[in-house]
Structure formats: structure tokens, C-alpha cells
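Any read-out appearing in this document is the output of simple, stated calculations on the displayed coordinates, not a laboratory observation. Remember, predicted model here, so these are calculated numbers, not experimental data. Here the Cβ is made from the backbone with ideal geometry for all residues, glycine too, and neighbour counts use every protein chain on show.
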Amino acid sequence: MSQKIYVRVNASFSPEGVVLPRSFIWTDGHQYKIDRILDARMAASKRVGGCGMRYTISVGGKDSYIFREDDRWFMELKETSC
Amino acid sequence: MLRTILHCDMNNFFASVECTRNPSLKEKPVAVCGSVEDRHGIVLAKNYIAKAYGVKTGDTVWQAKMKCPDIVIADPHYELYMKYSKMARNIYSEYTDKIEPFGIDECWLDVTSCRDTDGDGKTIADILRERIKYELGLTISVGVSFNKIFAKLGSDMKKPDAVTVIPSDSFKEKIWNLPADSLLGVGRRTSNTLKCLGIDTIGQLAKCPDEVLKRKMGIVGTRLKMYANGLDTSEVTRSDYVYPVKSIGCGLTFREDIKNNRDAAVAISKLCEDFGSRLRSLKKSAKGISLFVRDNDLNWKEWQTSLPYPTSVPKTIADEATKLFISKYKWEKPVRTITVRVIRLISEDEPFQIGLFDDVQNEIKNEKLDSAMEVLKNRFGERIIHPASFMNMGYMPEGMAFSALPAGGNQHV
Ligand SMILES: [Mg+2]
């Protein structure tokens with residue numbers, strides 16, 4: 001099962017209302033800088049449930065999703081153990 | 001020119017929302033029920049796996065568990081359903097502004113004017129179906145036709161996640177063999193009347209002589225015949241012209257019968273507790289209430305009254321409902337079930353006249369108190385705060401037996 005992880009996010013808000021995440025704090029307590037945003041669209045998370053604006057982000061050379069659902073942000077923690 | 005009308009119906013709406021929120025439920029039988037703790041809770045919606053076990057909407061939790069011991073019982077999350085309903089409508093609104101909601105999970109769309117840009121009805125229906133699946137994680141079934149009645153019929157014909165087209169040039173072959181009661185407007189009673197006339201199918205209804213229908217059913221009969229012939233011309237009423245929700249109800253069947261006005265008042269107060277946040281989420285105030293009371297012999301009575309002024313304050317609603325109860329109920333039998341419904345809803349910002357003797361100051365105070373309670377509930381969950389009169393009540397179930405009727409049933413349009 002994958003897990004829904006709500007994260008603390010720094011984001012920028014443009015005057016036009018465009019919201020872009022810039023960095024987030026992961027479960028290990030580290031802050032990760034978002035190097036690039038590759039895509040943004042409304043989508044449901046099949047893995048952990050819920051839906052919202054889904055950003056495809058590049059962090060340290062790895063691609064990942066971060067979702068903005070109402071006023072919270074979450075990421076999908078992929079668990080291989082169970 | 002023939003119109004292109006879609007009817008979009010979200011499949012097993014309440015249960016599907018629960019499953020898309022919590023994917024671990026997807027492979028399990030799931031029923032959304034009014035109350036988990038209380039055996040009087042009933043099934044409001046179920047997914048297809050539960051359906052395969054014979055679980056039906058309206059079953060008690062206990063019946064559902066008998067049919068399907070492994071069933072997962074989920075609490076209803078009303079605000080969440082409103083949210084998903086709205087998100088779906090936002091997607092529809094990218095294609096047309098002619099959207100007419102029908103209950104919380106269904107909408108008609110008139111897409112006649114976007115055929116040139118977005119494609120024919122079937123194409124648009126498929127786009128909507130894919131988008132709702134991708135963006136919301138829900139499935140819809142869509143009926144495509146040239147009138148509202150057939151569009152609605154089409155959305156019922158193939159489920160889930162499907163599109164059914166009922167074209168103008170071949171609708172007879174496609175639907176005339178279906179039972180007459182699959183037409184919108186043919187309920188159980190009408191269906192029985194039609195059966196007495198020897199009418200079982202839509203086709204037979206379509207061909208029945210006007211005089212026969214008129215004699216037996218009046219104008220309703222001839223109107224249904226028009227429907228069957230594809231002659232429904234009713235417009236898809238623009239979404240900004242209609243209030244999608246005309247009433248909200250909240251009912252409770254008690255573990256032990258209620259035997260006096262005092263306990264009834266407490267129960268009514270409890271029933272009205274949620275109206276504040278629900279009305280506010282819809283940005284509505286109520287102008288009236290209706291009260292439904294069933295005694296322990298299962299006789300029932302219903303009364304209505306106007307509120308002194310439009311309000312969304314639970315205490316005001318509860319006080320009026322209690323007054324109505326005390327003035328009307330004669331206590332020939334103890335009470336088994338009470339349902340309070342707020343009716344004649346209007347938009348909050350609609351102006352209204354305040355009567356001379358209404359204590360407006362008091363109302364404002366109540367409104368503040370209610371908002372504060374809601375903030376606490378949002379932060380700490382439903383059970384954090386209750387009016388003191390709810391404590392130590394033996395017969396009151398912890399979770400309300402039930403705060404919503406099956407999809408579509410609770411929100412009257
Ligand atoms: Mg539905």
C-alpha cells in the first residue's frame with residue numbers, strides 16, 4: 001500500500017492566481033528544493049486517494065507528483081514492504 | 001434543429017467517493033450507511049461488489065451484514081459529496097453553461113451549441129467520462145439524445161463508466177421494448193395504472209390512444225405518451241437559474257420510543273444540529289420546515305410551517321420544529337421516528353423582510369455561537385462539542401442514525 005503524506009510546502013502565488021510549489025519538507029525533516037515543474041493538471045491520486053491540482057516535479061533528478069487538494073499538499077509514499 | 005442533450009450520472013456516488021478517497025476500499029464490498037453504531041442505520045449507497053452480494057439501498061446495516069459479512073460500513077461525508085458534485089459540474093461548465101442539476105449526482109447538459117467545436121454528443125460524452133475518471137477518480141454513465149427524458153433513460157441503460165446514445169432516427173428500435181417504468185416520471189403507482197391498461201413497455205405507451213390515457217390518468221397520461229414518442233421539449237435550465245437543492249432533511253429512528261415532549265425536543269435539537277453547516281456550505285437559508293413523525297405503530301404524519309424569517313441557524317430551526325411538534329402531536333402513541341426537513345431554501349444574500357417582533361439581536365448571537373461550534377468541530381471532529389442537553393441520553397445513538405437519504409433522495413430538486 002502507498003501512503004498519503006501531507007507535507008509543508010513553500011509556494012509562490014502569482015498576481016494571476018497561479019500557484020507553484022517551490023520546496024517541501026519531507027518525512028525525514030529535510031527541505032527539498034523543487035528544481036522544475038514538468039506538468040500541472042487536475043488529477044485524482046489512484047495510489048493514495050483524493051484529487052486536486054497535480055504537479056509533476058523534478059527533485060534532485062527524480063520525478064515525482066505533489067498534489068494540492070483544497071488548502072493542503074500531499075505526496076504519495078510508495079511502500080514496497082507490504 | 002434537433003438538440004443534443006447529455007445526462008451525466010455519477011455511478012454509486014456516495015460509495016464511489018468513499019472509495020476514491022480511500023483506495024484500499026476499492027477491492028472490498030462497501031456500503032455508506034447512516035450510522036455505524038446503531039442497528040437502525042441504513043444503507044445509503046453501495047459499491048458494485050456489495051451489490052453483487054444483494055446489498056440494497058435502504059437495507060439496515062444488520063441486513064447488509066447478514067448478506068455480506070465482510071462488508072465495510074462507511075460513514076457518510078456529506079460535505080465531501082457536495083465538493084465532488086461541484087467539481088464535476090465545473091468540468092461540465094467548460095463545455096456548456098446550460099447545465100441543470102438533478103439531485104446531487106446527476107446533471108443534464110445541453111451541448112447543442114458546442115457540437116461544431118467539441119464534436120458530436122457521443123464525443124463530448126466520452127471526453128467528460130474520461131475527464132471525470134482522471135481528475136476526480138469517479139465514473140459516470142452518460143445518456144446522449146435529443147431530449148432530456150431520453151438522455152436520462154440512456155444514462156440508466158449502461159453502467160458504470162459508459163455512454164449510451166439514443167438517436168432520433170432509431171430510438172424506437174432502441175428503447176420501445178424497455179419497460180414503461182424506465183421512463184422518468186413513471187413511478188410505481190403510475191406504472192401500476194399503466195399495467196391495468198395493458199401497457200408494459202415504452203412502445204405500448206407511445207401507441208396507446210390519447211382518450212384512454214386521458215380518461216385514466218388525465219394530462220399526466222398524455223404527457224407520458226409524448227415522452228415515449230420522443231416529444232419532450234423541456235429545456236435544460238441554466239445552472240445559474242436554479243437552486244440545485246430545495247430541501248435538506250435529517251431523520252432519526254430511536255432505539256427506544258420517545259414518550260414525552262421534553263425528549264422529543266432534545267431529539268429535534270439534535271436533528272437540527274447539522275443544518276447550520278450544511279446550509280452554509282450551500283450558501284442558503286431556509287424559509288420553512290417540515291416535520292415528519294412516525295409512531296411505534298408506523299403510522300405517520302407530516303406538518304409544515306414557515307420560519308419567521310429565513311435562517312440557517314440550527315437553534316432557531318429546532319425551536320420552530322419543536323413548537324410545531326408540540327402543537328400538532330397528540331401522543332396517542334409513542335414516537336419511533338422524527339425527520340426534520342428545511343424547505344423553501346433561498347440564497348443567503350437574497351433580501352428578506354424581518355418581522356416587527358423578531359428578536360434579531362438574539363438571532364445574531366445564535367449565529368455567532370453556531371459558527372464557533374463549527375470551527376471547533378472542523379478542528380477537532382464532530383464529537384468535540386454538543387449542547388449540554390445531548391449528554392446522558394440513553395436512547396440517542398452516538399452517531400446519528402442517519403443524516404441523509406439515498407443519493408438524490410435527500411436533496412429535492
Ligand atoms: Mg448516480
Per residue of B:53-62, other chain Cβ atoms within 10 Å number on average 0
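When Rg is the radius of gyration of the Cα atoms in the range B:155-274 and Rh is its Kirkwood radius, what does Rg/Rh come to?
Working: Rg = 21.3 Å, Rh = 18.2 Å.
With Rh from the inverse mean 1/r over Cα pairs, Rg/Rh is 1.17.
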Along its principal axes, what span do the Cα atoms of the range B:176-241 show, with the longest given first and each in whole Å?
42, 23, 20
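Send over the semi-axes of chain A's equivalent ellipsoid, whole angstrom and largest first, taken as the square roots of 5 times the C-alpha gyration tensor eigenvalues. Don't skip to the end; give the middle numbers.
Values: eigenvalues 80, 46, 27 Å².
So the three semi-axes of chain A are 20, 15, 12 Å.
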Per residue of the range A:53-69, what does 6.51 cos²θ - 1.76 cosθ + 1.60 with θ = phi - 60° give for ³J(HN,Hα)? Whole Hz please, x for Gly and Pro, Karplus curve as stated.
6, 9, 9, 8, 10, 10, 10, x, x, 10, 8, 7, 9, 9, 10, 10, 10
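Please compute the net charge surrounding residue B:43, taking Lys and Arg as +1 and Asp and Glu as -1 over other residues with Cβ under 9 Å from its Cβ. Write down the numbers at each step before the final one.
Working: positive: B:46, B:56; negative: B:59.
It works out to a net charge of +1.
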Once residue B:220 and residue B:306 are pulled to full extension, the length gained, defined as 0.36 nm per residue separation minus their Cα-Cα distance, is 27.9 nm
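Given the pairs B:56/B:174; A:46/B:133; B:28/B:159; A:46/B:283; B:26/B:152, which are separated by over 22 angstrom at their Cα positions?
Numbers: B:56/B:174 28 Å; A:46/B:133 10 Å; B:28/B:159 19 Å; A:46/B:283 32 Å; B:26/B:152 27 Å.
Where the Cα-Cα span goes over 22 Å, the pairs concerned are B:56/B:174; A:46/B:283; B:26/B:152.
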Within the set A:18, A:59, A:48, GNM on chain A using Cα springs under 10 Å gives the largest fluctuation to A:18
Can you give the convex hull volume per residue for the Cα atoms of the range B:221-307, as a whole number of Å³?
183 Å³
With no solvent and one equal point scatterer placed on each C-alpha of the range B:1-169, evaluate the Debye formula and give log10 I(q)/I(0) for q = 0.12 Å⁻¹, two decimals.
-0.56
So for the range B:223-338, taking the charge dipole from beta-carbon charges (+1 Lys/Arg, -1 Asp/Glu), which of B:264, B:286, B:309 sits furthest toward the positive end?
B:309
Label points 7 Å out from Cα along the Cβ direction at residue B:22 and residue B:77: separation in nm?
0.8 nm
What do you get for Rg/Rh of the range B:89-149 when both radii come from the Cα atoms and Rh is the Kirkwood radius?
0.92
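Let's see if you can work this out: charge +1 on each Lys and Arg Cβ, -1 on each Asp and Glu Cβ, no other charges. What is the dipole magnitude of the range B:35-124 about its Cα centre, in debye to the nearest 20?
Computed charge dipole of the range B:35-124: roughly 440 debye.
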